[in-house]
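Asks: What follows is a single structure, and I will ask about it in a moment.
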Amino acid sequence: MRHVGLGGAFAEAGHTIVNAVPQVLKAFGNLFSRFFTLNFTQDQGVAGPVGTAQIVSQAASLGGWTLVLIAATINLSLGFFNLLPIPGLDGGRILLVLVGVLRRRPLTFAQESAVTAAGFGLVMLLSLFVVIRDLSRFF
């Protein structure tokens with residue numbers, strides 16, 4: 001640990017985020033490839049609620065700075081996940097608006113509702129998949 005000024009702190013934070021982004025994207029890629037192939041084997045890139053609780057507990061025992069880094073990584077991961085072009089998420093909303101722009105007219109309420117419901121179903125299935133993988137670590 002070293003002391004840096006405000007500018008140095010912002011530079012370090014930017015460097016940390018730039019280094020974390022490829023790791024987060026790779027983890028999402030692995031998760032989706034495992035999800036679509038129903039591969040329940042474990043990997044170190046993605047943890048569900050149970051795994052996250054274990055990681056946060058371990059980080060807390062290592063000190064405050066480690067806990068802050070874990071919190072930042074979780075926050076960055078959630079931000080990226082929310083921007084995925086899956087209807088029901090913010091990225092899906094952006095996608096639907098772009099589809100409306102390309103069509104030169106927005107989707108009807110019924111169309112948008114159906115697409116959003118399907119996307120929400122996909123997110124729920126993905127969540128169930130992650131929880132099952134998490135719980136499989138114990139068995």
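The values are calculated or read from the model by the stated rules, or taken from the named source; none is laboratory data. For clarity, every value in this text was computed on a predicted model and none was experimentally measured. Here Cβ is always computed from backbone atoms with ideal geometry, including for glycine, and neighbour counts include all displayed protein chains. All accessible areas refer to the heavy atoms of the entire protein, side chains included, with ligands and DNA or RNA removed. Shrake-Rupley method; radii C 1.70, N 1.55, O 1.52, S 1.80 Å.
Asks: Name the one entry in N19, N39 that is surrounded by fewer than 16 Cβ atoms within 10 Å (Cβ to Cβ) and part of a helix (DSSP H, G or I).
Replies: When all the criteria are applied, what remains is N19.
Asks: What pairs can you find where one residue is in the stretch 44-63 and part of a loop (DSSP other than H, G, I, E, B), the other is among the small types (G, A, S), and their Cβ atoms are less than 7 Å apart, with a gap of 6+ or different chains?
Replies: Listed pairs, sorted by first residue: G45/A27; V46/A27.
Asks: Report every pair of residues separated by at least 6 positions or lying on different chains whose Cβ atoms are under 6 Å apart, first residue within the stretch 71-83 and outside any helix (DSSP H, G or I), second open to solvent by less than 60 Å² (accessible area, probe 1.4 Å) and modelled with pLDDT of 85 or more.
Replies: As it stands, the answer is L83/G91, since those pairs meet every condition given.
Asks: Being within 14 Å of the chain's Cα centre (by Cα) and over 18 Å from R133 (Cα atoms), is that true of even one residue in the stretch 38-53?
Replies: no
Asks: A further question on this structure: Take the residues in the stretch 1-16 that are in a loop (DSSP other than H, G, I, E, B) and either closer than 17 Å to A72 by Cβ or of a type in the set (D, E, K, R) (or both); name whichever of them is modelled with the highest pLDDT.
Replies: V4
Asks: All but one of (1) at pLDDT 90 or above; (2) not acidic (D, E); (3) not in a loop (DSSP other than H, G, I, E, B) hold for R105, so report the exception by its number.
Replies: Against the list (1) at pLDDT 90 or above; (2) not acidic (D, E); (3) not in a loop (DSSP other than H, G, I, E, B), R105 comes up short only on (3).
Asks: What single numbered condition from (1) of a type in the set (S, T, N, Q); (2) open to solvent by 60 Å² or more (accessible area, probe 1.4 Å); (3) closer than 25 Å to T116 by Cβ fails to hold for S77?
Replies: (2)
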